[in-house]
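Structure record follows, encoded as structure tokens.
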Amino acid sequence: MSKEKILILDTTLRDGEQTPGANLTVNEKLKIAVQLETLGVDIIEAGFPHASPGDLEAVSLIAKEVRQPIICGLARATEKDIDSVFLALKNAERARVHVFLATSKIHREFKLHKAKDEILETAVRAVRYAKNKFYDVEFSPEDAARTEVDFLAKVVEAVIAAGANTVNIPDTVGYSTPEEFGAIIKYLKENVANIDKAVISVHCHNDLGLGVSNSLSAILNGARQVECTINGLGERAGNSALEEIVMSIKTRNDIFKGVDININTKELFKTSRLVSKLTGILVQPNKAIIGDNAFRHESGIHQDGVLKKPVTYEIIKPEDVGFKGTTIVLGKLSGRHAFSEKLKTLGYSLSTDELNEAFIRFKNLADKKSEIYDEDLAAIVEEKLSTIPEKYRLEMFQVTSGNTIAPVADVIIIKDGKEKLSANSTGDGPIDACFKTIDKAVGCKGVLIDYKVNALTSGKDALGEASVKVSFENNIVIGRASSTDVIEASVLAYVNALNRFAQTHNTKK
Ligand code: KIV
Ligand code: ZN
């Protein structure tokens, strides 16, 4: 019996980018889109072209460069928004417009101030307009899960009649539960006369932690497209995590008997790390499927069981999601050839210039650290994947601290490759002194919202990765950097956040 396909629409670059602090540059978005193509997603929702010129540029670039998946752009139910998607997707191999309009009573009354018949008319008009420009039209009744189900069915029937090929049922505020959400999909299947002319999609937010469960329940009730994001990124508590949906369907094929997906699961781990690196949003260690602890067994009984037979405590083989574990790979004496071969086995293909640069970083690290692990190599390569232009470059920092003196820091920052900015300042600790000194040198005022240091590998000489979340002029940005010296990693992460702010807000500082 041939299996029905579940289409995966990845919205990391649209809904996922709405995660507070997750600002991506156009080039970073392209890198993620290229990796999503390797992962095998069916549709990439690349952005919301009418929302900003940056979004339009990113969607256009992705449409031009990424040829395998359908490239989709989001639009409100207005001609201007649909025109912007059309413009952005003019070079796409296969283009889709995704039109949305809220239908729930709460949104109708308090946000849109429109009655049901006006909503219906606006939705149909927008879908007809879109259909004149696109073969592939998706429509979303926003906040569908809180919409009266008979009105929802009426809207769905009308937009399909107007030309929508996909109807997406969003649980916009993550309010539903698996039984209830599954029942909505079943109701639509049974009560919308033309439902077989469209694919039913779902888009479940995770406010109650039920996004993935709701999506899976929808599949069991007839949904054939799932919208999700890498690492579950998205507004508020996020969207359904792609990796969890995919591995649930694959692992429990006894339950999801009649369906299959295209995803190359061996690319999941790498995709997750790339998205985390570029957005600056760390993956929690106990995150299902791709968290650092997902395949770690702490208790002796579990370790013994896994050694005897992995299936005792492992329901997924780590290698099936591309998790390679920690192995010592290279050292100080390793040459360029071994380095480049090892990178290939880790799935990185670098240009000659990128390889040369990465090799210098590897040698510098090997001088400080005797054993280089896979994670160290990933950090070396991925740090360079973040292509934020270096408006500010750290030339030098020095900090004195102790338990009997006030910490004091000196920094020299080079602005735009030429101007030398230097300052010194005290602070509440060595890190605070450094951050305050950087602010003073550059002439800005950053408010530190979050600060974390994470050891990438084990041992005293482990590479430490610092991550800072800073608000500059009320714009939240994230910066990350790694070094064997955690103070240096922290200072570089702060400078990285400053560069990200300068890039995304075109600061004149
Ligand atoms: O959550 C939501 O309702 C959305 C729509 C635009 C589909 O993101
Ligand atoms: Zn959403």
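Any residue at all in region 16-23 that's under 18 Å from the mean Cα position of the chain (by Cα) and more than 16 Å from ligand 1 (Cβ to nearest atom)?
Applying the first criterion (under 18 Å from the mean Cα position of the chain (by Cα)) to region 16-23 yields 16-23.
Still in the list and also more than 16 Å from ligand 1 (Cβ to nearest atom): 21, 23.
Checking region 16-23: at least one residue is under 18 Å from the mean Cα position of the chain (by Cα) and more than 16 Å from ligand 1 (Cβ to nearest atom).
Of (1) within 28 Å of Q503 (Cβ to Cβ); (2) under 21 Å from the mean Cα position of the chain (by Cα), R96 satisfies all except one. Which?
With respect to (1) within 28 Å of Q503 (Cβ to Cβ); (2) under 21 Å from the mean Cα position of the chain (by Cα), R96 is out only on (1).
Residue check: is D367 under 30 Å from K342 (Cβ atoms) and in contact (Cβ under 8 Å) with a residue 24 or more places away in the chain? Full working, then the answer.
Numbers: under 30 Å from K342 (Cβ atoms): yes; in contact (Cβ under 8 Å) with a residue 24 or more places away in the chain: yes.
For D367, the condition - under 30 Å from K342 (Cβ atoms) and in contact (Cβ under 8 Å) with a residue 24 or more places away in the chain - is met.
Regarding region 454-474, can at least one residue be identified that is within 22 Å of the chain's Cα centre (by Cα), under 17 Å from L498 (Cα atoms) and surrounded by fewer than 16 Cβ atoms within 10 Å (Cβ to Cβ)?
no
Which of the numbered conditions does I6 fail, given that it passes all the others? Conditions: (1) at pLDDT 95 or above; (2) more than 24 Å from S349 (Cα to Cα); (3) within 16 Å of ligand 1 (Cβ to nearest atom).
(3)
Within region 135-155, identify whether any single residue is of a type in the set (D, E), more than 16 Å from ligand 2 (Cβ to nearest atom) and within 31 Å of the chain's Cα centre (by Cα), and answer yes or no.
yes
Counting just the residues of region 240-266 that are closer than 17 Å to G291 by Cβ and outside any helix (DSSP H, G or I), which one comes out farthest from ligand 2 (Cβ to nearest atom)?
A241
For D171, which of the numbered conditions (1) of a type outside the set (A, V, I, L, M, F, W, C); (2) out of contact with any Phe, Trp or Tyr (no Cβ under 7 Å at 6 or more places or on another chain); (3) within 15 Å of ligand 2 (Cβ to nearest atom) fails to hold?
So the condition that D171 fails would be (2).
Checking the condition within 24 Å of the chain's Cα centre (by Cα) and among the small types (G, A, S), which residue from G238, G163, G222, G182 passes?
G238
With (1) over 20 Å from V124 (Cα atoms); (2) surrounded by fewer than 18 Cβ atoms within 10 Å (Cβ to Cβ) as the list, and V212 as the residue in question, which single condition is left unmet?
The failed condition is (2).
Might you check whether a residue that is of a type in the set (S, T, Y), in contact with a strand residue (DSSP E or B) (Cβ under 7 Å, 6 or more places away or on another chain) and within 11 Å of ligand 1 (Cβ to nearest atom) occurs anywhere in region 221-231?
yes
Have a look at I160, I119 and point out the one that is closer than 30 Å to D260 by Cβ and in contact (Cβ under 8 Å) with a residue 24 or more places away in the chain.
The conditions single out I160.
Residue under question is N253, and the condition is that it be outside the structural domain of D450 (by TED's automatic domain parsing), without any contact (Cβ under 8 Å) to a residue 40 or more places away in the chain, over 16 Å from H203 (Cα atoms) and of a type in the set (S, T, N, Q); does it hold?
yes
Look at K420 and say whether it is part of a helix (DSSP H, G or I) and among the charged types (D, E, K, R). Full working, then the answer.
Values: part of a helix (DSSP H, G or I): no; among the charged types (D, E, K, R): yes.
So K420 fails the test.
List every residue pair whose Cβ atoms sit under 7 Å apart, with the two residues 6 or more apart in sequence or on different chains, where the first one lies in region 10-39 and is in the same structural domain as T229 (by TED's automatic domain parsing) and assigned to a loop (DSSP other than H, G, I, E, B) and the second, anywhere, is surrounded by fewer than 22 Cβ atoms within 10 Å (Cβ to Cβ) and among the polar types (S, T, N, Q).
N23/T504; T25/T387; T25/Q503
The values are calculated or read from the model by the stated rules, or taken from the named source; none is laboratory data. From a predicted model like this one, the values you see are computed outputs, not experimental measurements. Methodologically, a virtual Cβ is constructed for each residue, glycine included, from the backbone with ideal geometry; neighbour enumeration extends over all protein chains shown.
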